[in-house]
Amino acid sequence: MWKREAAAIARLAAPVIIGQWAAVAMNFVDTVMCGRFSPAALAAVAVGGSLWATAMLFLTGVLMALPPSLAHLRGGGERAACADVGWQVLWIAQALSLGLVGVLLACENLLRAVGVSAEIVPLAGDYLRAIAWGVPAFAGYQVLRFFHEGFARTRPGMAFGLVGLGVNVVGNYVLIFGAFSFPALGVVGCGYATALVFWLQFIGLGLYTLRGRRFRDLTLWRVIAPERSRVVALLRLGLPIGVAVFVEASLFSGVALL
């Protein structure tokens with residue numbers, strides 16, 4: 001009995017672990033490739049990446065309310081309501097993403113306040129402003145990934161995570177160093193490559209979800225307007241997760257900034 005349960009859990013957990021590894025590996029790739037460009041680019045990605053990772057984990061933590069909410073509905077025989085909940089979380093994700101874009105656009109003031117070297121602040125600011133173009137797509141992609149996980153489907157997130165990692169490597173090479181007649185953009189190119197990955201992941205997983213047979217009965221393409229009661233209930237569940245993850249992540253980002 002326990003072997004069968006352990007095997008079932010492993011089949012669900014392994015793709016999640018690999019998908020998370022791919023997401024972390026993107027930051028690793030950014031650091032290594034910018035380090036090959038210049039020491040200043042390496043410092044800018046290290047500093048800017050620490051801020052982005054903290055913001056990203058807060059957003060992801062809030063959206064973690066989606067999988068248990070969907071599992072609860074499915075367990076109660078309310079499959080039809082899953083589309084409604086998915087849309088409510090998508091509205092929450094986009095609202096939060098706009099706030100994060102504002103933070104990234106104004107990040108230079110924060111970096112100066114904590115005493116980051118003056119020569120690094122503009123580069124880190126450019127890097128984060130480039131990433132800001134992809135934040136809404138990142139938020140949408142996380143909603144889609146968690147939607148699948150709420151239906152015990154963890155492999156799509158793994159697959160698109162690995163594809164995104166590969167695209168990030170190629171995009172960095174082209175935009176950081178200037179290949180195939182593209183200009184060498186350095187750290188800004190690294191940020192644009194990351195934003196591009198987010199949009200490709202969002203569009204790719206979105207098309208996969210809408211065209212798939214598994215969710216055809218839910219008519220996910222039908223837009224459902226925000227519902228205050230559901231949004232509040234989801235925030236009550238997701239905000240504590242987001243704050244807890246943010247506090248933990250900020251300890252590491254704080255060390256990086258120091």
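The values are calculated or read from the model by the stated rules, or taken from the named source; none is laboratory data. All figures in this text were calculated on a predicted structure; none of them were measured in a lab. We place every Cβ from the backbone using ideal geometry, glycine too, and count neighbours over all the protein chains shown. Protein only, heavy atoms only, side chains kept; ligands, DNA and RNA dropped before computing areas. Shrake-Rupley method; radii C 1.70, N 1.55, O 1.52, S 1.80 Å.
Considering only the stretch 209-247, state which residues are of a type in the set (D, E, K, R), over 23 Å from ARG153 (Cα atoms) and touching a residue at least 24 places away in the same chain (Cβ under 8 Å). Can you show your working first?
We begin by selecting, within the stretch 209-247, every residue of a type in the set (D, E, K, R); these are 211, 213-214, 216-217, 222, 227-228, 230, 236.
Now drop any that are not over 23 Å from ARG153 (Cα atoms), which leaves 227-228, 230, 236.
Across the stretch 209-247, the qualifying residues are GLU227, ARG230.
Quick one: in the stretch 105-135, which of the residues that are hydrophobic (A, V, I, L, M, F, W, C) and under 30 Å from PRO68 (Cα atoms) is surrounded by the fewest Cβ atoms within 10 Å (Cβ to Cβ)? Walk me through how you get there before you give the answer.
So the first thing to find is which residues in the stretch 105-135 are hydrophobic (A, V, I, L, M, F, W, C), and the list is 105-107, 110-111, 113-114, 116, 118, 120-121, 123-124, 128, 130-133, 135.
With the extra rule that they be under 30 Å from PRO68 (Cα atoms), the set shrinks to 131-133, 135.
Values: ILE131: 28, ALA132: 20, TRP133: 17, VAL135: 26.
Applying the filter and picking the extreme gives TRP133.
Do we have ALA130 as without any contact (Cβ under 8 Å) to a residue 24 or more places away in the chain and hydrophobic (A, V, I, L, M, F, W, C) here?
Working: without any contact (Cβ under 8 Å) to a residue 24 or more places away in the chain: no; hydrophobic (A, V, I, L, M, F, W, C): yes.
Answer is no for this residue.
Before we move on, is ARG74 of a type in the set (Lys, Arg), under 27 Å from GLU108 (Cβ atoms) and assigned to a helix (DSSP H, G or I)?
Details: of a type in the set (Lys, Arg): yes; under 27 Å from GLU108 (Cβ atoms): no; assigned to a helix (DSSP H, G or I): yes.
No.
Taking only the stretch 205-224 into account, find how many residues are open to solvent by 60 Å² or more (accessible area, probe 1.4 Å) and not basic (Lys, Arg). Talk me through it step by step, then tell me what you get.
Step one: filter the stretch 205-224 for residues open to solvent by 60 Å² or more (accessible area, probe 1.4 Å), giving 207-208, 210-211, 213-214, 216-217, 221-223.
Going one step further and asking which of them are not basic (Lys, Arg), we end up with 207-208, 210, 217, 221, 223.
Total satisfying the criteria: 6.
Among the residues of the stretch 230-258, how many are out of contact with any Ser or Thr (no Cβ under 9 Å at 6 or more places or on another chain), part of a helix (DSSP H, G or I) and open to solvent by 90 Å² or more (accessible area, probe 1.4 Å)?
So the count comes out to 3.
For the stretch 108-165, name all the residues that are among the polar types (S, T, N, Q), within 23 Å of ILE18 (Cα to Cα) and in a helix (DSSP H, G or I).
Residues of the stretch 108-165 among the polar types (S, T, N, Q): 109, 117, 142, 154.
From what is left, the residues that are within 23 Å of ILE18 (Cα to Cα) are 142, 154.
The answer is GLN142, and nothing else.
From the list THR219, THR154, which one is polar (S, T, N, Q) and under 19 Å from the mean Cα position of the chain (by Cα)?
That would be THR154, the only listed residue that is polar (S, T, N, Q) and under 19 Å from the mean Cα position of the chain (by Cα).
Mind listing just one residue for me: the one in the stretch 34-47 that is surrounded by 24 or more Cβ atoms within 10 Å (Cβ to Cβ) and modelled with pLDDT of 90 or more and, of those, farthest from CYS107 (Cα to Cα)? I'd like the intermediate steps shown before the answer.
Here is the first cut: in the stretch 34-47, the residues surrounded by 24 or more Cβ atoms within 10 Å (Cβ to Cβ) are 34, 41, 44-45, 47.
Add one more test, that the residue is modelled with pLDDT of 90 or more, and what stays is 34, 41, 44-45.
Values: CYS34: 20, ALA41: 17, ALA44: 12, VAL45: 13 Å.
That would be CYS34.
Being closer than 18 Å to LEU111 by Cβ, in contact with a helix residue (DSSP H, G or I) (Cβ under 6 Å, 6 or more places away or on another chain), at pLDDT 90 or above and not small (Gly, Ala, Ser) is the requirement here; does LEU59 meet it?
Against the criterion (closer than 18 Å to LEU111 by Cβ, in contact with a helix residue (DSSP H, G or I) (Cβ under 6 Å, 6 or more places away or on another chain), at pLDDT 90 or above and not small (Gly, Ala, Ser)), LEU59 does not qualify.
Would you check if ILE176 is β-branched (Val, Ile, Thr) and either closer than 20 Å to TRP21 by Cα or touching a Cys at 6+ places or on another chain (Cβ under 8 Å) (or both)?
Values: β-branched (Val, Ile, Thr): yes; either closer than 20 Å to TRP21 by Cα or touching a Cys at 6+ places or on another chain (Cβ under 8 Å) (or both): yes.
Judged against the criteria, ILE176 is a match.
So that you can scan it fast, the table gives a plain yes or no per residue for (1) surrounded by 16 or more Cβ atoms within 10 Å (Cβ to Cβ); (2) within 14 Å of VAL32 (Cα to Cα):
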{"position": "VAL163", "(1), (2)": "yes, no"}
{"position": "ILE176", "(1), (2)": "yes, yes"}
{"position": "ALA184", "(1), (2)": "no, no"}
{"position": "TRP199", "(1), (2)": "yes, no"}
